[in-house]
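A.B. asks: Sharing a structure below in structure tokens format, with a few things to ask.
Computed from the coordinates by the stated procedures, all read-outs in this text should not be read as laboratory data. Everything numeric in this text was worked out from a predicted model, so none of it was measured. With ideal geometry, Cβ positions are generated from the backbone for all residues, glycine too; neighbour counts draw on all protein chains shown.
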Amino acid sequence: MREWQAKLVRVFEGSDAVLKFDEPLARWTSFRIGGPADVFVVVNDERQLATLRRWTNEHKVKMSILGLGSNVVVSDQGLRGVVVKLKGGFERIAVIGREKDGGVLISAGAGALLDRVAEFAEEQGLTGAGFLAGIPGTVGGGLLSNAGAFGHCLGEIVIKVRVMDNSGTFRVLEKAELHNEYRSPIIERSFVAVDAVLRLLPGREKQSVRMIRESRWQKHPKEPSAGSFFKNPAVDAPAGVLIERCRLKGVRVGGAQVSEKHANFIINVGGARFADVYELAQMIKAVVEEETEIKLKEEVQWLPRFEGQEGGEIDE
């Protein structure tokens with residue numbers, strides 16, 4: 001154990017925070033790819049999170065947040081510094097207010113599952129969050145990717161977000177400070193989301209959460225993946241259709257393969273490594289651009305991030 005790791009252990013002695021050393025991140029990502037984190041820390045409340053942020057600042061240790069691990073490809077060399085998982089109080093969802101015009105406000109912690117938010121809204125007789133059903137990610141990750149489906153996105157229903165800045169100070173971002181662009185961060189990447197307030201309406205979705213979830217999952221491959229790999233370009237054809245038109249279904253590099261079921265999924269057919277996925281992704285982009293003159297952009301995040309990469313450090 002390095003000296004800085006031993007110091008970090010002492011910081012959280014007697015708390016319910018969990019520290020794991022050289023923890024394989026493949027255990028925490030849906031792709032089942034990723035080398036070790038120097039330290040993997042599970043925090044359960046804002047105090048622990050702020051303490052960790054200030055400590056990493058003081059000791060010049062990098063800190064990253066990992067959500068559900070469903071929208072990332074992690075290097076086989078792993079991630080240096082501290083990788084943080086938000087649990088406990090960060091998973092709470094609750095109704096916090098009702099507006100005169102009928103709007104209902106719910107608070108959802110950054111560690112809450114997007115699918116659970118949809119389920120909670122249905123239980124409360126609310127409509128507006130049904131599109132989140134079946135999306136494999138957390139609220140925190142969803143805020144960094146503007147997660148969505150069926151023509152709707154999280155940015156449509158979020159009205160404020162409580163965040164922690166780089167100094168470990170908490171503040172609330174109001175609606176005017178939030179962004180709502182396709183698969184782009186709703187909040188600035190420098191912030192760590194703590195919870196979000198969503199505005200919903202009384203009513204029922206056209207389909208139940210269970211039906212939306214099952215419909216979504218039936219279209220997706222069952223093998224390990226990072227979900228939809230490329231953003232849909234601003235043209236009529238979505239990324240999956242373009243990839244299929246280029247006859248790339250089933251193409252494989254090492255343990256990574258373009259899914260036969262849905263062409264916008266790269267799947268781990270066994271033993272896939274970061275390099276396999278990266279090489280296959282670049283091949284897909286090159287072929288699609290050559291045949292269609294359309295440049296695909298990754299929806300997933302490569303970790304560690306590299307210069308010029310779009311998106312945020314917090315994954316889904």
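A.B. asks: Candidates [x] 148; [y] 135; [z] 212; which is the computed volume of the Cα convex hull per residue in Å³?
C.D. replies: Recomputing volume of the Cα convex hull per residue in Å³ here gives the entry labelled [y].
A.B. asks: When only Cα pairs under 8 Å and 6 or more residues apart are kept, what is the percent relative contact order across region 177-309?
C.D. replies: Result for region 177-309 is 22 percent.
A.B. asks: Hey, another quick one. Quick check on region 3-88: of the DSSP beta bridges with both residues there, what percent are antiparallel, nearest 5%?
C.D. replies: In region 3-88, approximately 40 percent of DSSP beta bridges are antiparallel ones.
A.B. asks: Still on this model: Are there any chymotrypsin sites (Phe, Trp or Tyr not before Pro) in region 111-205 that are in a DSSP loop and have at most 15 other Cβ atoms within 10 Å? List them by number.
C.D. replies: Phe150, Tyr182
A.B. asks: For region 172-245, state which trypsin sites (Lys or Arg not before Pro) are in a DSSP loop and have at most 15 other beta carbons lying within 10 Å of their beta carbon.
C.D. replies: Arg189, Arg204, Lys206, Lys219, Lys222
A.B. asks: To continue, here is another question. What shape does region 92-209 take by its C-alpha gyration tensor, where a ≥ b ≥ c are the square roots of the eigenvalues and a/c under 1.5 counts as rounded, a/b above b/c as prolate, and the rest as oblate?
C.D. replies: Prolate, since a/c reaches 1.5 and a/b exceeds b/c.
A.B. asks: Apply the a/c threshold of 1.5 to the C-alpha gyration tensor of region 3-88 and tell me whether it is rounded, prolate or oblate.
C.D. replies: Prolate is the answer for region 3-88, as a/c is 1.5 or above and a/b outweighs b/c.
A.B. asks: Of Asp16, Asp236, Asp45, which is the most mobile in a GNM of the chain whose springs link Cα atoms less than 10 angstrom apart?
C.D. replies: Highest fluctuation among the options: Asp236.
A.B. asks: While we're here: Rounded to the nearest 500, what is the chain's calculated 222 nm mean residue ellipticity when only DSSP H runs of at least 4 contribute -39500 (n - 2.57) each, over all residues?
C.D. replies: -7000 deg cm²/dmol
A.B. asks: Let me ask you something else. Running a GNM on the chain with Cα contacts under 10 Å, which residue among Gly134, Gly97, Gly240 ends up with the highest mean-square fluctuation?
C.D. replies: Gly97
A.B. asks: Please enumerate, by chain and number, the lysines with C-alpha under 24 Å from the C-alpha of Lys222, excluding those fewer than 8 residues away in the same chain.
C.D. replies: Counting by Cα, and skipping residues close in sequence, Lys222 has these lysines nearby: Lys231, Lys249, Lys261, Lys285, Lys297.
A.B. asks: Which trypsin sites (Lys or Arg not before Pro) in region 6-93 sit in a loop by DSSP (not H, G, I, E or B) and have at most 10 other Cβ atoms within 10 Å of their own Cβ?
C.D. replies: Taking region 6-93 and a limit of 10 other Cβ atoms within 10 Å, the loop trypsin sites (Lys or Arg not before Pro) found are Lys60.
A.B. asks: Only bridges with both residues in the chain count here: give the DSSP antiparallel percent, nearest 5.
C.D. replies: For the chain, the DSSP antiparallel bridge percentage is about 75.
A.B. asks: Could you state the number of Å between the C-alpha centres of region 241-256 and region 182-219?
C.D. replies: For region 182-219 versus region 241-256, the Cα centre distance is 29 Å.
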